[in-house]
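Report on one structure; see the data block that follows.
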Amino acid sequence: MFKKKYISAYDDFKTGFLCKLSLFLGLFLLFVYIFLKIGSLLISRNDTSFLYLIYDLSQSSYMDSIIAFSIMFLGIGFILYFLHCQFAKLAEIADEIENENKDEEFDRN
């Protein structure tokens, strides 16, 4: 037989941590994208040093992947932030209901 699982109203399924993590990854990838795009404008094609590798990377299809993952992580982060706020409101409502029940029991006695 399956056991019933009772989920507390205070359990937010780690949405706060996952929200911060995905927003951090999204912003990090966005900064990498911006750094590479600005770097490609400042670096000439004739450089033969490490700077040419940055220029070459900025002209490849990896840039499209970086911006796509950045947008995806930012979107997931905002969705998780919304869920985190909703779980916080749910916990607040659960507190109010619990306090009302305690007050009613105190009035009965």
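Of all residues in segment 1-35, those satisfying the criterion of being of a type in the set (A, V, I, L, M) and either exposed (fewer than 14 other Cβ atoms within 10 Å of the Cβ) or modelled with pLDDT of 85 or more (or both) are MET1, ILE7, LEU18, LEU21, LEU23, LEU25, LEU27, LEU29, LEU30, VAL32, ILE34. Filtered by the rule that a residue be of a type in the set (Val, Ile, Thr), over 25 Å from GLY26 (Cβ atoms) and in contact with a Phe, Trp or Tyr (Cβ under 7 Å, 6 or more places away or on another chain), segment 37-73 gives a lone residue, ILE43. Screening the candidates ILE43, ILE76, ILE38, ILE67 for the property of being surrounded by fewer than 13 Cβ atoms within 10 Å (Cβ to Cβ) and among the β-branched types (Val, Ile, Thr) yields one hit, ILE38. Within segment 38-75, being over 28 Å from THR15 (Cα atoms) and in contact with a Ser or Thr (Cβ under 6 Å, 6 or more places away or on another chain) holds for SER40, TYR55, SER58.
Residues in segment 80-108 that are surrounded by 14 or more Cβ atoms within 10 Å (Cβ to Cβ) and either assigned to a loop (DSSP other than H, G, I, E, B) or without any contact (Cβ under 8 Å) to a residue 40 or more places away in the chain (or both): CYS85 alone.
Kindly evaluate TYR33 against the criterion of being more than 30 Å from LYS14 (Cα to Cα) and among the aromatic types (Phe, Trp, Tyr). Please lay out each step first, then the result.
Working: more than 30 Å from LYS14 (Cα to Cα): no; among the aromatic types (Phe, Trp, Tyr): yes.
Criteria not met by TYR33.
The residue that is modelled with the lowest pLDDT, counting only those in segment 49-64 that are of a type in the set (Gly, Ala, Ser) and surrounded by fewer than 13 Cβ atoms within 10 Å (Cβ to Cβ), is SER49.
The values are calculated or read from the model by the stated rules, or taken from the named source; none is laboratory data. The structure displayed is predicted, hence computed values, not measured ones. Glycine gets a Cβ as well: all are built from the backbone with ideal geometry, and neighbour counts include every protein chain shown.
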